[in-house]
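To start, the structure under review is shown below, and the notes come after it.
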Amino acid sequence: MANSKYEYVKQYELDDSLLPGCWIVVRIDGKGFTKFSELHGFEKPNDKRALDLMDECAKEVLNEFPDVRLAYGESDEYSFVLGRSTDMYGRRASKIVSLLVSCFTANYVAKWAAFLPDTPLRSTPMFDGRAVCYPLDSNLRDYLSWRQADTHINNQYNTCFWALVKSGKTPTEAQATLRGTQTAQKNELLFNEFGINYAHLPEQFKKGSVVIRRKTMVEVKQRADGTPVLRERNLPTVLHTDIIREEFWQEYPHLMAP
Ligand code: ATP
Ligand code: ATP
Ligand code: MG
Ligand code: MG
Ligand code: MG
Ligand code: MG
Ligand code: MG
């Protein structure tokens, strides 16, 4: 249909390219996962199987798109960071967001049965997505710190909430008990009433998941005698670590490199 009389409609497509030179963060979030998690009997407050599935899908996004250099996930959300100088799809927001979302979602469906083998998929998981530009390195660091602080706050609240509900309180009563409580009070409540030491909960629940590429030895083939041939590969790796503190960024300086 090149040069047809219809072609003028193409001009209605607006330029949505993201600001040059800025960090690009794409955050995706599950649609209606409060219901989705109930429908599929997720363990509350944290179903490890579902979190592992999210982490696996994020690794696949890094495998598929070399320009994604870092990802951070918690609950039903993941943030993907693209380098300042990326030219992926001409930095067009709709292209980048839609590809990351569909890559993630397709993997979520394809890998569901491997992570929740006893739970048939009963509805269609969907994820929304948005792209945000951050001009300063400090903006990006603050963005990631914001998400990890959110993980901690939510996890602490949800751990208390579900402990109260599982002990027989109604959700309304549990909410009322927790209203206005500070961090220290929540930790005391968990320890004194339920014998839960918050510090001993899994790091994945408390800190969320960071995905970066790390040098890893992998078996590429076997010799005739059956011994493995190992090669170093840069593979997406999931860490459950503190990304607010400076040490993480000192350990992996390439993450913030231009
Ligand atoms: P929206 O469509 O606006 O995002 P939502 O119901 O998905 O609505 P969120 O704020 O994204 O709301 O919250 C995600 C919900 O999914 C929370 O209620 C959380 O408890 C639940 N959830 C996500 N992952 C898990 C998990 N691994 N284990 C247990 N519950 C989970
Ligand atoms: P891009 O990522 O830029 O979209 P592309 O390879 O997908 O690259 P398109 O212009 O979208 O390029 O073209 C779609 C291609 O897929 C064409 O080559 C088309 O022949 C092929 N294709 C799509 N659907 C079918 C189909 N049902 N049967 C055979 N070929 C198909
Ligand atoms: Mg939401
Ligand atoms: Mg959601
Ligand atoms: Mg969410
Ligand atoms: Mg195409
Ligand atoms: Mg096409």
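Just so it is clear, none of the values below were taken in a lab; they were calculated from the coordinates. No experiment lies behind these values; they were computed from the predicted model shown. As a convention, Cβ positions derive from the backbone with ideal geometry for all residues, glycine included, and neighbour counts pool all protein chains shown.
For segment 126-258, the fraction of alpha-carbon pairs lying more than 22 Å apart is 58 percent, rounded to a whole number. Scanning the chain for long hydrophobic helices, with DSSP H runs required to stretch 18 angstrom or more by C-alpha along their axis and to average at least 0.0 on the Kyte-Doolittle scale, returns 93-115.
Split the chain at each of the GluC sites (Glu not before Pro) in a DSSP loop with at most 11 other beta carbon atoms within 10 Å, and the longest piece is 44-258. Close amide-amide hydrogen proximity is noted between Arg27 and Phe80, Arg130, Val132, each under 5 Å apart and 5 or more residues distant or on a separate chain (H modeled in the peptide plane; Pro and chain starts excluded). Here the residues Ile212, Ile196, Ile96, ranked from fewest to most Cβ neighbours within 10 Å of their Cβ, fall in the order Ile196, Ile212, Ile96. Look at the alpha carbon pairs under 8 Å that are at least 6 residues apart: their mean separation over the length of segment 2-134 gives a relative contact order of 41 percent. Lacking any other cysteine beta-carbon closer than 4.7 Å, the following Cys residues of the chain have no compatible partner: Cys57, Cys103, Cys160. Here's how it looks for Gly83: its modeled amide H is under 5 Å from those of Arg69, which are all 5 or more places away or on a different chain.
Would you work out if segment 42-199 is rounded, prolate or oblate? Take a ≥ b ≥ c from the square roots of the eigenvalues of the alpha-carbon gyration tensor; rounded if a/c is under 1.5, else prolate when a/b is larger than b/c, oblate otherwise. Here segment 42-199 falls in the oblate category. For Met88, the shell of other residues with beta-carbons less than 14 Å away shows a net charge of +1, using +1 for Lys and Arg and -1 for Asp and Glu. In order along segment 236-249, phi translates into HN-Hα couplings of x, 10, 9, 10, 10, 9, 7, 9, 7, 6, 4, 4, 4, 6 Hz, rounded to whole numbers, per the Karplus curve 6.51 cos²θ - 1.76 cosθ + 1.60 with θ = phi - 60° and x for Gly and Pro.
When the chymotrypsin sites (Phe, Trp or Tyr not before Pro) in segment 1-96 are filtered for DSSP coil states and for at most 12 other beta-carbon atoms within 10 Å of their beta-carbon, the remaining sites are Tyr6.
Were the residues from Glu64 through Leu14 laid out at 0.36 nm apart, the gain over their Cα-Cα distance would be 15.3 nm.
Label positions at Thr237 and Phe194, each projected 7 Å from the Cα along the C-beta direction, are separated by 3.3 nm.
If the chain between Arg122 and Thr177 were fully stretched, how many nm would it gain, using 0.36 nm times the residue separation less the Cα-Cα distance?
Values: separation 55, 0.36 × 55 = 19.80 nm, distance 3.42 nm.
Roughly 16.4 nm would be gained on extension.
Applying a threshold of 32 Å to the alpha-carbon distances of Lys35/Lys186; Lys95/Lys215; Lys31/Lys166; Lys35/Lys215 flags Lys35/Lys215 as lying beyond it.
Using alpha carbons only, how many angstrom separate the centre of segment 94-165 from the centre of segment 63-91? That distance is 13 Å.
Spin-label pair Glu43-Trp146: with each label point 7 Å from Cα along the Cα-Cβ axis, the two points sit 3.3 nm from one another.
Using R₀ = 30 Å, calculate the FRET efficiency as 1/(1 + (r/R₀)^6) where r is the Cβ-Cβ separation of Lys31 and Gln222; round to 0.05.
After rounding to 0.05, the efficiency reads 0.10.
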